[in-house]
Structures are given as structure tokens and as C-alpha cells.
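Trainee: Before we start, here is the structure in question, set down as C-alpha cells.
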């Protein structure tokens with residue numbers, strides 16, 4: 001195998017169960033370094049509430065520059081009730097927003113896959129979610145979360161008003177739409193673009209720019225436009241009609257959370273945030289599980305590490321260009337689920353469940369077996385060639 005030289009990965013465990021799930025993927029990456037001739041350079045530091053507690057800021061300049069120098073950032077989770085009363089600029093979530101904005105991570109990819117072994121874990125009927133495989137592409141650095149002006153201001157009659165600005169430019173829309181169309185070409189060749197063009201000018205611009213890009217470069221991809229509130233309803237009514245869903249920052253945030261719950265547990269779902277390629281042809285990226293900090297189970301060894309491990313699989317495929325290893329990890333996860341192994345969040349009623357560390361161990365053992373088998377097959381193919 002070709003040795004991968006010094007691909008820098010920054011681990012930011014963050015808050016809540018973040019350190020627990022990041023600990024498990026760190027051990028997996030270290031296993032790859034020791035056993036697969038890979039040479040990932042791992043660094044680890046603070047972000048979110050953990051950083052605020054030590055440094056008085058959700059992310060220090062030093063950590064931010066480490067992120068700039070890294071090819072990929074792996075984030076556990078940020079936030080929790082402990083920091084709810086902090087002023088807005090110092091809240092743990094500001095670390096994540098800064099990383100997204102300053103690293104120019106404009107496209108967030110969140111798959112929603114319902115494993116056949118876990119159909120019963122969904123709150124919807126099995127026939128509705130069985131075989132579900134959706135990819136949601138969310139614009140990540142524009143829209144109402146970043147628009148100016150913003151703030152809370154007093155007005156003349158003693159009241160206050162809150163201001164947020166929803167703004168998009170053509171270039172911001174086009175670049176994320178390209179990501180959606182390119183992904184669709186590798187999947188089922190269908191994009192559903194969501195906005196509120198009936199009541200929002202920014203939504204009208206979104207619809208027009210996506211349609212123009214489709215007509216110019218992607219006529220071979222099926223494109224449908226759908227109002228965001230209708231999409232939310234359709235995700236519950238008939239989710240398998242979708243392949244790739246494209247949405248802005250606000251609607252993408254909501255729709256991706258809704259789609260995630262169709263699968264039965266947030267503990268299963270990864271995400272990737274991607275930017276443009278740099279002068280060396282490499283893409284800045286951040287990978288994180290969807291589940292959040294889950295403070296109610298911190299320290300109980302109950303967190304499901306599958307979402308974090310799947311996020312690493314996405315990293316190996318999208319950033320490190322190692323799709324074969326990514327596939328082996330995903331196969332290992334499916335194998336473990338096929339064997340009936342469950343963490344607390346996906347256990348059947350009355351059944352036993354395994355801990356965070358035990359689930360990691362089962363997955364490691366499974367992909368060890370997959371790797372050994374595939375390497376033996378590859379050697380045979382090489383000889384035949």
C-alpha cells in the first residue's frame with residue numbers, strides 16, 4: 001500500500017459526549033497508522049464550552065490556526081446547559097460557526113440512511129422508511145445565520161426588537177448547488193431544491209439561480225423545486241421520493257434534523273462540511289456527528305459512537321481519497337448491526353445493550369476481518385492482471 005505522508009487531522013472533542021465519541025475514533029485512526037501503513041498526524045485541542053472554561057473564549061486563535069493548517073477537523077460536539085447564560089459571542093456554538101465561516105466550509109452534507117436492521121427504531125411505519133437513503137446538502141456560511149445587520153436593539157416605546165438578515169448572493173447559491181448536482185450524479189440523479197420563493201426574495205433568487213445552473217450544466221440531472229414547508233411535510237409522508245435535497249442554511253438546518261429522526265436515532269448519522277479546493281488541490285473539511293452534546297448521558301458510557309465513526313468514514317472518502325477504507329468501515333458497521341449489537345439509544349425493548357467502548361471494539365474487529373479478506377482478494381486480482 002502507498003504510504004500516506006503526514007495528512008494532518010485536528011481532533012476537537014468539545015463538550016458533553018463529544019470527548020467520549022472522539023476518543024473512540026482516535027483509537028481507530030491510531031490503529032490505521034499502526035496496521036495499515038497510513039501516517040495521519042493527529043493533534044487534539046479544546047473548542048466550545050471546554051475552551052471557554054479554560055481560556056474564556058469558545059475557540060482560541062491558536063486552535064483556529066491549527067484548524068487552518070489541518071486537512072481535516074473532527075469535532076465531537078459543542079454546547080450544553082452549563083453555558084446557556086453566556087453572552088452570545090462567547091457561547092460554545094460560536095466555535096463551530098467561526099470554523100465554518102473562516103475555513104469557508106460552505107457545503108454541509110448530511111446523509112439520512114435507515115439501516116434495514118433498525119427499521120423498527122423509527123417512529124414511522126417500516127414501509128415508509130425501509131430502504132431510505134437521502135443526502136441533504138445545506139448551504140453553510142450564508143443566509144440568516146451570518147447576515148448583517150443583526151442584533152437586539154431598544155426602540156422608542158421601551159420595547160426591544162431582534163434583527164436578523166437573510167441574504168444570499170448568486171455565487172453563494174451556485175457553488176453549493178454544484179455540490180448537490182455532482183452528488184446526485186453519483187447517486188440516483190435527482191435534486192430537490194427547497195426554498196420559500198413564494199414569500200421571500202432571497203428564496204426567489206435561490207430558485208432562479210439553481211434552475212439556471214441546471215439548464216446550463218446539469219440538464220441530465222432531474223431537478224424539482226419544492227417549498228421548504230412542503231418538503232418538511234413530504235419527508236414524513238413519503239421520504240423515499242427524495243434523493244438529494246438542496247437547501248439554504250436555515251431550511252437545511254431544520255430539514256436535515258427532521259430527516260435524521262426518520263432513521264430512528266441521531267446517534268447513527270454523520271455529517272461533512274466542505275469548502276473549496278486550495279492551491280494544492282485539497283479541500284478544507286470538518287466532520288462531526290449529528291447528535292449534539294447529549295449532556296444527559298455524559299459519563300455513562302452509553303453514547304452511540306457510530307455517527308462519529310461514520311463521520312471518519314466520510315473523511316477517508318471525501319478528503320483523504322481512501323474510498324476503499326471508508327467502505328470497509330461502513331461495511332463493518334452494517335455487519336455489527338446485522339449481528340444484533342446495539343447501544344442504549346437503538347436497543348430493542350427489554351433487550352441488552354453494549355457500551356460506547358464495546359461498540360467501538362465490535363466495529364474494529366469487524367473491519368479487521370473485512371480488511372484481511374479484501375486484501376487477500378486484491379492480491380489475487382493483482383496476480384491475475
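The values are calculated or read from the model by the stated rules, or taken from the named source; none is laboratory data. Just so it is clear, the structure is predicted and the values come from calculations on it, not from any experiment. Neighbour counts are summed over all protein chains in view; Cβ atoms, including those assigned to glycine, are modelled from backbone coordinates with ideal geometry.
Trainee: For the structure I just gave you, tell me whether residue 73 is under 27 Å from residue 329 (Cβ atoms), within 20 Å of the chain's Cα centre (by Cα) and part of a helix (DSSP H, G or I).
Mentor: On the way: under 27 Å from residue 329 (Cβ atoms): yes; within 20 Å of the chain's Cα centre (by Cα): yes; part of a helix (DSSP H, G or I): no.
So residue 73 does not fit the description; no.
Trainee: Those residues that are over 21 Å from residue 221 (Cα atoms) and part of a loop (DSSP other than H, G, I, E, B), I need them from segment 182-205; list them, please.
Mentor: 196, 197, 198, 199, 200
Trainee: Going through segment 304-361 one residue at a time, which ones are part of a loop (DSSP other than H, G, I, E, B) and in contact with a strand residue (DSSP E or B) (Cβ under 7 Å, 6 or more places away or on another chain)?
Mentor: Of all residues in segment 304-361, those part of a loop (DSSP other than H, G, I, E, B) come to 304-305, 319-322, 339-343, 347-355.
Of everything in segment 304-361, those that are part of a loop (DSSP other than H, G, I, E, B) and in contact with a strand residue (DSSP E or B) (Cβ under 7 Å, 6 or more places away or on another chain) turn out to be 319, 320.
Trainee: Which of the numbered conditions does residue 116 fail, given that it passes all the others? Conditions: (1) at pLDDT 90 or above; (2) out of contact with any helix residue (DSSP H, G or I) (no Cβ under 7 Å at 6 or more places or on another chain); (3) under 30 Å from residue 341 (Cβ atoms).
Mentor: (1)
Trainee: Then there's this: Does segment 119-175 hold any residues that are touching a residue at least 40 places away in the same chain (Cβ under 8 Å), more than 21 Å from the chain's Cα centre (by Cα) and part of a loop (DSSP other than H, G, I, E, B), and which are they?
Mentor: 123, 124, 166, 168, listed by residue number.
Trainee: Go through segment 137-170 and count every residue that is in contact with a helix residue (DSSP H, G or I) (Cβ under 8 Å, 6 or more places away or on another chain) and either at pLDDT below 95 or under 20 Å from residue 99 (Cβ atoms) (or both).
Mentor: Of the residues in segment 137-170, 10 are in contact with a helix residue (DSSP H, G or I) (Cβ under 8 Å, 6 or more places away or on another chain) and either at pLDDT below 95 or under 20 Å from residue 99 (Cβ atoms) (or both).
Trainee: In segment 23-49, how many residues are closer than 14 Å to residue 308 by Cα, touching a strand residue (DSSP E or B) at 6+ places or on another chain (Cβ under 6 Å) and surrounded by 24 or more Cβ atoms within 10 Å (Cβ to Cβ)?
Mentor: Qualifying residue count, segment 23-49: 0.
Trainee: Taking segment 99-118, which residues are assigned to a helix (DSSP H, G or I) and within 30 Å of residue 66 (Cβ to Cβ)?
Mentor: Pass one, segment 99-118, residues assigned to a helix (DSSP H, G or I): 99-102, 116-118.
Selection gives 99, 100, 101, 102.
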